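Participant: What follows is a structure written as structure tokens; I'll ask about it next.
What follows is calculated from the coordinates using simple rules that are stated; it is not laboratory data. All of these numbers come straight from a predicted model, not from anything done at the bench. A quick note on method: Cβ atoms are made from the backbone with ideal geometry, for glycine too, and the neighbour counts reach across all protein chains shown.
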Amino acid sequence: MSVVDQLRADFERDGPIRFDRFMEICLYGAGGFFASSSGRAGLRGDFVTSVELGPVFAGVLARRIVAGWSMGRPHVAAPCSNGRRVADVGGGSGTLARQLELIGGGTIEAVSVERTRGAVRRLADLPWVPDVVVAHELLDNLPARLVFEGRAELRVGFDGDGATCLFHVPLDPELEMFRDRWLPEPAAGVVPVPVGAIAWVADVAALAPPAVVVVDYGADAAALAARDDWPVRGYVSQHEVDPIAAPGETDVTCDVAFDVVEAELRHHGYVTERLRQRDWLTRHGLDEVVEAAAAVSGDLGRLRAAEARSQATDLCDPAGLGAFWVLEATLPDDVGT
Ligand SMILES: C[S@@+](CC[C@H](N)C(=O)[O-])C[C@H]1O[C@@H](n2cnc3c(N)ncnc32)[C@H](O)[C@@H]1O
């Protein structure tokens with residue numbers, strides 16, 4: 001059954017489809033964007049992430065992981081001979097895990113946990129308890145519900161011509177509670193309620209890794225509610241498209257309500273700190289990583305230095321990747337030890 005057929009069957013059976021269910025079918029259902037071979041990060045793919053620009057981002061993250069938090073937790077299943085154990089959840093092609101291992105040179109053992117491919121598809125499949133869980137541009141792809149102006153839920157259905165369209169339905173008690181806790185009065189915009197990210201945090205917290213690093217775009221829920229732009233986007237071949245018009249053919253991503261995710265991490269005992277990506281990179285050694293790229297002498301060194309500088313510029317662009325958030329969460333036992 002195609003993605004559209006699955007959506008149509010849902011709509012005919014139950015009426016307008018919750019947006020989290022819409023995302024689940026479009027991205028991960030049979031023939032979905034990530035479930036099929038279509039959705040790809042990379043310079044020749046559908047969207048470019050900091051990871052796919054080149055190794056500079058991973059260089060800084062590797063320094064952070066190695067220098068970072070105490071990892072000597074007694075519950076870690078087996079002694080680790082290969083250094084810090086890192087689970088990169090939503091690892092896509094596995095680029096970040098590979099880069100971390102290469103750059104870490106024996107100090108990092110990294111595994112990509114990717115729902116749609118590879119040997120490790122869920123956190124529960126990992127052979128060990130990770131020291132660090134990384135989620136790089138994962139949360140924006142986890143299913144979210146949509147609240148419109150604090151007074152209605154947006155759901156997806158089909159109009160009389162068979163085209164997909166949005167329906168407004170009254171808020172249910174779960175969304176009323178969300179509105180009362182997180183949204184200002186009045187709320188103007190459309191706010192994605194990160195139900196998938198909240199469930200993901202619970203799964204991560206069940207493993208109790210000492211550190212979690214989340215990188216994504218978004219804002220606090222109240223800031224999202226104050227905006228009048230549409231917080232749901234799709235990307236195909238590096239172009240932004242309307243993900244509702246062509247279900248299954250495009251990425252579906254939502255701004256992440258970061259304060260909601262932080263509250264969930266704190267609820268599970270974590271201490272959180274959040275920085276803009278450009279500030280986080282600077283704090284954790286971007287300049288040193290760029291300088292190290294030029295350590296080779298001659299033309300090769302000059303070429304590598306130029307590439308690294310160009311990546312650094314893109315990673316810190318205040319109108320682009322530099323404005324992303326890096327959220328670090330650590331268990332208090334490990335803070336400063
Ligand atoms: C936008 S891509 C990010 C890829 C990569 N991290 C990067 O930054 O280039 C998000 C990926 O997360 C995967 N994913 C979604 N939910 C997941 C889950 N619960 N566990 C593991 N992977 C998941 C998707 O299949 C997709 O490949």
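Participant: Working out 0.36 nm times the residue gap between residue 242 and residue 188, then minus their Cα-Cα distance, what length gain in nm do you get to one decimal?
Facilitator: 17.4 nm
Participant: How big is the stretch 133-267 by the Kirkwood estimate over distinct Cα pairs, in Å?
Facilitator: 15.7
Participant: Suppose we keep just the alpha-carbon trace of the stretch 287-337; what are its Rg and Dmax in angstrom?
Facilitator: Calculated on Cα positions, Rg and Dmax stand at 16.0, 48 Å.
Participant: Picking from 318, 247, 130, which is most flexible by a Gaussian network model of the chain using Cα springs under 10 Å?
Facilitator: Of the options given, 318 has the highest mean-square fluctuation.
Participant: Also, I was wondering about something else. Hey, with R₀ at 25 Å, roughly what FRET efficiency would residue 166 and residue 36 work out to, going by the Cβ-Cβ distance, to 0.05?
Facilitator: Using R0 = 25 Å, I get an efficiency of 0.50.
Participant: For the chain, what is the mean residue ellipticity at 222 nm derived from helices alone (per DSSP H run of n ≥ 4: -39500 (n - 2.57); sum divided by total residues; nearest 500 deg cm²/dmol)?
Facilitator: When only DSSP H runs of four or more count, the value is -10000 deg cm²/dmol.
Participant: I would also like to ask the following. Could you rank the peptides 184-190, 144-150 by their average count of other C-beta atoms within 10 Å per residue, with the highest value first?
Facilitator: Listed from highest to lowest mean packing, they are 144-150, 184-190.
Participant: State the Cα centre-to-centre distance between the stretch 261-337 and the stretch 123-181 in whole Å.
Facilitator: Measuring centre to centre over Cα atoms gives 28 Å.
Participant: Considering the chain as a Gaussian network with a 10 Å cut-off on Cα pairs, which listed residue, 233, 13, 276, attains the greatest mean-square fluctuation?
Facilitator: Looking only at 233, 13, 276, the biggest GNM fluctuation is shown by 13.
Participant: So, one more: Within the stretch 230-245, what residues put their amide N at less than 15 Å from the label point 7 Å along the Cα-to-Cβ vector of residue 2?
Facilitator: 245
Participant: Using only Cα atoms and rounding to the nearest 10 degrees, what angle (0 to 90) does helix 95-104 make with the longest principal axis of the chain?
Facilitator: Tilt of helix 95-104: around 20 degrees.
Participant: Provide, in order from the shortest bin, the percent of all Cα-Cα pairs of the chain in each 10 Å bin, continuing until the bin that contains the maximum pair distance.
Facilitator: Percent of Cα pairs in each bin: 6, 24, 33, 24, 10, 2, 0.
Participant: If you line up the long axis of helix 195-207 against the longest principal axis of the chain, both from Cα atoms, how many degrees apart are they, to the nearest 10?
Facilitator: That works out to roughly 40 degrees.
Participant: Quick check: the angle from helix 258-267's long axis to the longest principal axis of the chain, C-alpha only, nearest 10 degrees?
Facilitator: 70
Participant: On to the next question. More than 15 angstrom separation, counting every C-alpha pair in the stretch 227-310; what % is that?
Facilitator: Percentage above 15 Å: 74.
Participant: What does the highest-first list of 89-101, 258-270, 157-169 look like by mean Cβ count within 10 Å?
Facilitator: Highest-to-lowest ranking by the protection proxy: 89-101, 258-270, 157-169.
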